[in-house]
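The values are calculated or read from the model by the stated rules, or taken from the named source; none is laboratory data. Since the model is a prediction, treat every value here as computed from it, not as a measurement. Methodologically, a virtual Cβ is constructed for each residue, glycine included, from the backbone with ideal geometry; neighbour enumeration extends over all protein chains shown. These area figures cover heavy atoms from the full protein model, side chains too; ligands, DNA and RNA do not enter into them. Shrake-Rupley method; radii C 1.70, N 1.55, O 1.52, S 1.80 Å.
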Number of protein chains: 2
Amino acid sequence: MQWIDYVGLFGAALSSVTVVPQVIKAWQTKSVGDLSIWMVFILIGNVSTWLFYGIVKHDIAIIVANAIILFLSLLMLYFKLSFKK
Amino acid sequence: MQWIDYVGLFGAALSSVTVVPQVIKAWQTKSVGDLSIWMVFILIGNVSTWLFYGIVKHDIAIIVANAIILFLSLLMLYFKLSFKK
């Protein structure tokens, strides 16, 4: 692996945890009124596309990162739909 | 280009517009209280990393997608800091 591949892995790791603080905040406050449901829908679409891409390309970093984000964005969708405000 | 590369381009295009609905919603409602500022910070970090990765790898799709997301996430940070609630 070249040094730039480590940069890519770092980017993938950071991408995986991007929505973690939002999921925690939504869970703690039970308040999701300011969250856009369209952002969540598009996030699920984009992450599913990358997951499919990673599976076809046999790229484990893309698969793992996007599987994590898919799980977190489905959780965010669930919060958005269950918490009334 | 193989068919899977078009899937990657579609994923990149979808990634670019993911935060658009959130930026529009924040702008319209002037309400960002439920948004996690840590999500925005990590998003800026992850997108900057990918932008750097794209520049080093001369990958125009990665550069364009992440330049757009970087601009939108900086806008989101500005909204989060200017709108009080």
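Some notes on this structure:
- Any hit, segment B:20-33, residues being within 15 Å of the chain's Cα centre (by Cα) and within 30 Å of A:W3 (Cβ to Cβ): no
- Top-ranked residue of segment A:74-85 - restricted to ones that are in a helix (DSSP H, G or I) and farther than 15 Å from A:N46 by Cβ, ranked as most open to solvent (accessible area, probe 1.4 Å): A:Y78
Rundown of residues vs (1) modelled with pLDDT of 95 or more; (2) of a type in the set (A, V, I, L, M); (3) farther than 24 Å from A:S36 by Cβ, yes/no style:
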position	(1), (2), (3)
B:I4	no, yes, yes
B:G8	no, no, yes
B:K25	yes, no, no
B:I62	no, yes, yes
B:L70	yes, yes, no
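Residue-by-condition table, conditions (1) more than 8 Å from chain A (Cβ to nearest Cβ); (2) closer than 29 Å to A:W27 by Cβ; (3) surrounded by 17 or more Cβ atoms within 10 Å (Cβ to Cβ):
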site	(1), (2), (3)
B:Q22	no, yes, yes
B:K30	yes, yes, no
B:G33	no, yes, no
B:L72	yes, yes, yes
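- When A:I55, A:I44 are checked against the criterion of being in contact with a Leu (Cβ under 9 Å, 6 or more places away or on another chain), of a type in the set (A, V, I, L, M, F, W, C), open to solvent by 20 Å² or more (accessible area, probe 1.4 Å) and at pLDDT 95 or above, a single residue qualifies: A:I44.
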